[in-house]
Amino acid sequence: MGLMISKLKHPFRDFNLESRAHKFISLPDKKPAPRHVKDELDLQRMKKDYPEVFEESLKKNEVLDRHLKDVYVQSTDIPIEPPKRIDPTRPLPQDRQQPEEFLFGHKEPDRIPVGKTTLRQVLKFVSYHQGDPKVHNAKQIAEEHKLSEDLVRNILKYYRVFEVYMPIEKGKTNAKFAGPSNPKVRIIKEERKFIGSFKGKSDKDET
């Protein structure tokens, strides 16, 4: 029932709402908002106990009003980052951008000295050697990259690149990996000894 009554009241409440709002805003003397009960009691007590002070508070103070009109505030925006003095003898980097990420975690040199190599080149000729060790042998790699043959031979001996082995479907045959299959653990079979055998041996030693 209440919902139906509110629906009937809404059209009458909102009728000519915009014009009534403009009329209220254009009033010269607007009706102040009602005070709280406690504030109203304090105001009535002040009127009764201090009538002179209350009357004085209602009057406009011309001196204070003139002082307020004479006040002029000027503000300026503070720069976010004030300019810093740069010492020409100790120049600092002016670029504050985040450095780009490199493939191998560090910047590769633009010029490679003779007898030196980079990680990219090492991975390249190691992978070539694993693919075809006869063609890409230590001598050929050393001549191409201008490295010592002993250094290249040690690199090819102790370093490998990752290889991916795809296992065959489960249930048919086991996956086969390149290279000789040596057992990781060597099993040694020996005769099991019992406590009685040690006991008999100790008795013989005592006699």
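Rule-based calculations on the coordinates, nothing more; no lab input. Computed from a predicted structure; not experimentally measured. Note that we place each Cβ from the backbone using ideal geometry, even for glycine, and neighbour counts take in every protein chain shown.
Per 10 Å bin, what is the whole-percent P(r) computed from every C-alpha pair distance within the stretch 35-74?
Per 10 Å bin, starting at 0, the Cα pair percentages come out as 25, 31, 23, 19, 2.
How do the peptides 11-18, 72-79, 84-91 rank, highest first, by the average count of neighbouring beta carbon atoms within 10 Å per residue?
Ranking, from highest mean packing down: 11-18, 84-91, 72-79.
Tell me, 123, 147 in order of fewest to most beta-carbon neighbours within 10 Å? Provide the component values of the computation, followed by the final result.
Values: 123 14, 147 20.
Placing the least packed residue first, the sequence is 123, 147.
Got a sec to turn the phi values of the stretch 96-106 into Karplus ³J(HN,Hα) couplings, 6.51 cos²θ - 1.76 cosθ + 1.60 with θ = phi - 60°, whole Hz, x for Gly and Pro?
9, 6, 6, x, 6, 7, 9, 5, 9, x, 8
Grab the eigenvalues of the alpha-carbon gyration tensor for the stretch 1-120, scale each by 5, take roots, and send me the semi-axes largest first in whole angstrom.
Output for the stretch 1-120: semi-axes of 73, 36, 17 Å.
Once phi is turned into θ = phi - 60°, what whole-Hz ³J(HN,Hα) does the Karplus curve with 6.51, -1.76 and 1.60 give for every residue of the stretch 63-68, x standing for Gly and Pro?
Result, ordered by residue: 5, 5, 5, 5, 5, 5 Hz.
Would you work out if the stretch 30-182 is rounded, prolate or oblate? Take a ≥ b ≥ c from the square roots of the eigenvalues of the alpha-carbon gyration tensor; rounded if a/c is under 1.5, else prolate when a/b is larger than b/c, oblate otherwise. Could the numbers behind the result be given before it?
Working: a/c = 8.55, a/b = 2.79, b/c = 3.06.
Since a/c reaches 1.5 but b/c is at least a/b, the shape of the stretch 30-182 is classed as oblate.
Set Lys and Arg Cβ to +1 and Asp and Glu Cβ to -1, take the dipole of the stretch 35-74 about its Cα centre, and tell me which of 73, 63, 36 lies farthest positive.
Positive-end residue among those listed: 36.
In nm, give the distance between the simple-model label positions of residue 95 and residue 160, each being 7 Å from the Cα along the Cα-to-Cβ direction.
4.1
Work out the FRET efficiency for residue 9 and residue 77 from their Cβ-Cβ distance, taking R0 = 41 Å, and round it to the nearest 0.05.
E(calc), rounded to 0.05, equals 0.20.
Name the shape class, rounded, prolate or oblate, that the alpha-carbon gyration tensor gives for the stretch 103-163, where a ≥ b ≥ c are the square roots of its eigenvalues, rounded holds for a/c under 1.5, and otherwise prolate holds if a/b is larger than b/c and oblate otherwise. Intermediate values should be presented prior to the final figure.
On the way: a/c = 2.06, a/b = 1.25, b/c = 1.65.
Verdict is oblate for the stretch 103-163.
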